[in-house]
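The values are calculated or read from the model by the stated rules, or taken from the named source; none is laboratory data. The structure displayed is predicted, hence computed values, not measured ones. Don't worry about glycine lacking a Cβ; one is built from the backbone with ideal geometry, like all the others, and counts go over all protein chains shown. In case anyone asks, the SASA skips ligands and DNA or RNA and just uses the protein heavy atoms, side chains included. Shrake-Rupley method; radii C 1.70, N 1.55, O 1.52, S 1.80 Å.
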Amino acid sequence: MTLTLSVVGCGYLGATHAACMSSLGFTVIGVDTDPNKVEMLQNGELPFYEPGLDTLLAQEMKTGRLSFTTDFSAVKDADVHFVCVGTPQSKDGLAADLTYVRSAVEAIAPYLKDGSLVVGKSTVPVGTAQSLREQLAKNAPQADLAWNPEFLREGFAVEDTLTPNRLVVGVANDRAEVILKEVYESIIALGTPWIRADLPTAELVKVAANSFLATKISFINAMAEVCEAAGGDVTVLAQAIGYDPRIGNKFLQAGIGFGGGCLPKDIRAFMARAEELGAKQALEFLREIDAINLRARQRVIDVVRSELSEDLTQYKIAVLGATFKPDSDDVRDSPALDIAAQLQAAGATVVVHDPKGIEPARKRFPNLEYAQVITDAVKGADLLLHLTEWKEYRAIDPSAISALVKNKIIIDGRNMLDRELWRKSGWKFHALGRTD
Ligand code: UGA
């Protein structure tokens, strides 16, 4: 008999997981405490932008296998329960806030049937799974708990869920592994590596992976700083070191650094947890990774000031990009939006354009100005900032917008625009980590 699954928490991770598991043929019940989100999902509408997921969701809703509710008792028929709630940075420190994970497990505990398996997918500090397993042993001894970290990237969520580069399961016994193998049978059949780990290792794999990615980005941004000081070009440097397969050419794109709901808060939570465990020194380097990352934002602001003036009050700056990366409407800890807000706080008039992120950005920064079309954003601008690498911005013809702006100055914060093209049209072109 096919397993029935529940997915608790229907944000990016949960909604994607629910729709993808339904597409594999499982009956899936998605539960979330937010009635608006549930209503939208139940109508086959996605509450956020994620390429391909909207179509998949609409298609799966039609099959009748997938449903969403705010009623936790609906999980009672499920055999496997995926916990996909958020673990944001806590308000008073670096650690992760585990309130949602703990309350999700508590909320489903009364409805867990005999032999069911709770599977954590949220990114948590190491040790959380064990403590939840102990809590469950008291409240719902008929159920077991495993951890199955998720490595999906926004913008590639469906692809990363259905064809992941590995599956990692943290289990305390063989039975839990057997159940998870049944869930992922068709994905395993594709040849996907399967890694069985204990609970703490599975939790650590996730934060180690994100820490490594953050380190790669900050490494190349540190090289960008040195290139600027020494008169070098970080894009050539990145290309050259990337040919060494031990280094690899991915995640070496220098620019304004990493943001989003994962990398920044995960490295901070990892440091906080290491300190609790008495291993603070081992992760001290992540403090530097964080500092380099935040410095990249400041470096853009420094170039703006050196191009315009220390006093920005008379200037209009057009910001191209609000989201933390392209193909997403996520503005959580977005470097682009942070730079826009800092420039506005410094007195500049800032107009922000983004293909998908204007509404989420407006919610966070209602006082910034927003433009729905690029030409409106750049009209009368003293300077352009390219801060999120949407393909729309690479398609801009610099000569076509030359007449609209006041000064033909652009700073490419992502090292993605065609410098020669812009210069040919008479623009002064700056890029982070490139001196000529
Ligand atoms: C990240 C990880 O890549 C996923 O594997 C992980 O599952 C996810 O976090 C998570 O923990 O849920 P995501 O936040 O979607 O995924 O974004 P990334 O593609 O990792 O990009 C993160 C940030 O780094 C973006 O702001 C991006 O612009 C920046 N970045 C990326 C660079 O500045 N340079 C690069 O070379 C690559």
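Residues in segment 224-236 that are in a helix (DSSP H, G or I) and either away from the ligand (no atom under 13 Å from the Cβ) or touching a Leu at 6+ places or on another chain (Cβ under 6 Å) (or both): 8 in all. Could you grab me the full set of residues in segment 333-347 that are open to solvent by 10 Å² or more (accessible area, probe 1.4 Å) and more than 9 Å from the ligand (Cβ to nearest atom)? The answer is Asp338, Ala341, Gln342, Gln344, Ala345, Ala346, Gly347. Beta carbons closer than 8 Å, at least 6 apart along the sequence or on distinct chains, pair a first residue in segment 184-195 that is closer than 14 Å to Val168 by Cα with a second that is basic (Lys, Arg) and in a loop (DSSP other than H, G, I, E, B) for Thr192/Arg166; Pro193/Arg166; Trp194/Arg166; Ile195/Arg166. For Gly261, the conditions (1) at pLDDT 95 or above; (2) open to solvent by less than 60 Å² (accessible area, probe 1.4 Å); (3) within 9 Å of the ligand (Cβ to nearest atom) are fulfilled apart from (1). Within segment 265-286, identify whether any single residue is more than 28 Å from Glu150 (Cβ to Cβ) and outside any loop (DSSP other than H, G, I, E, B), and answer yes or no. Looking through segment 265-286, at least one residue is more than 28 Å from Glu150 (Cβ to Cβ) and outside any loop (DSSP other than H, G, I, E, B). The combined condition, being among the hydrophobic types (A, V, I, L, M, F, W, C) and touching a residue at least 40 places away in the same chain (Cβ under 8 Å), is not fulfilled by Ile358.
Mind counting the residues in segment 370-379 that are crowded, with 16+ Cβ neighbours inside 10 Å and farther than 11 Å from Leu320 by Cα? Looking only at that region, the number is 1.
Selection of first residues in segment 212-226 that are charged (D, E, K, R) and modelled with pLDDT of 95 or more and of second residues that are within 10 Å of the ligand (Cβ to nearest atom) and not in a helix (DSSP H, G or I), restricted to Cβ pairs under 6 Å at least 6 apart or on distinct chains, gives the following pairs, ordered by first then second residue: Lys216/Phe251.
When Gly120, Gly115, Gly86 are checked against the criterion of being at positive phi, of a type outside the set (Val, Ile, Thr) and in the same structural domain as Asn36 (by TED's automatic domain parsing), a single residue qualifies: Gly115. Of the conditions (1) of a type in the set (Asp, Glu); (2) within 16 Å of the ligand (Cβ to nearest atom); (3) assigned to a loop (DSSP other than H, G, I, E, B), Asp311 clears all except one; give me its number. Of (1) of a type in the set (Asp, Glu); (2) within 16 Å of the ligand (Cβ to nearest atom); (3) assigned to a loop (DSSP other than H, G, I, E, B), only one is false for Asp311: (2). In the set Gln239, Gln253, only one residue is without any contact (Cβ under 8 Å) to a residue 12 or more places away in the chain, within 14 Å of the ligand (Cβ to nearest atom) and over 30 Å from Leu5 (Cβ atoms); that residue is Gln239. Thr313 falls short on exactly one of the conditions (1) more than 20 Å from Leu387 (Cα to Cα); (2) touching a residue at least 12 places away in the same chain (Cβ under 8 Å); (3) surrounded by 19 or more Cβ atoms within 10 Å (Cβ to Cβ), and that condition is (3).
Let's see how each residue does on (1) touching a residue at least 40 places away in the same chain (Cβ under 8 Å); (2) within 16 Å of the ligand (Cβ to nearest atom); (3) open to solvent by 10 Å² or more (accessible area, probe 1.4 Å):
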site	(1), (2), (3)
Phe324	yes, yes, yes
Thr349	no, no, yes
Asp354	no, yes, no
Arg362	no, no, yes
Asn367	no, no, yes
Leu387	yes, yes, no
Lys391	yes, yes, yes
Ser402	no, no, yes
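Going by the structure shown, is Leu145 within 18 Å of Val80 (Cα to Cα), open to solvent by less than 10 Å² (accessible area, probe 1.4 Å) and either within 16 Å of the ligand (Cβ to nearest atom) or not in a helix (DSSP H, G or I) (or both)? Yes; evaluated as a whole, the condition is true for this residue.
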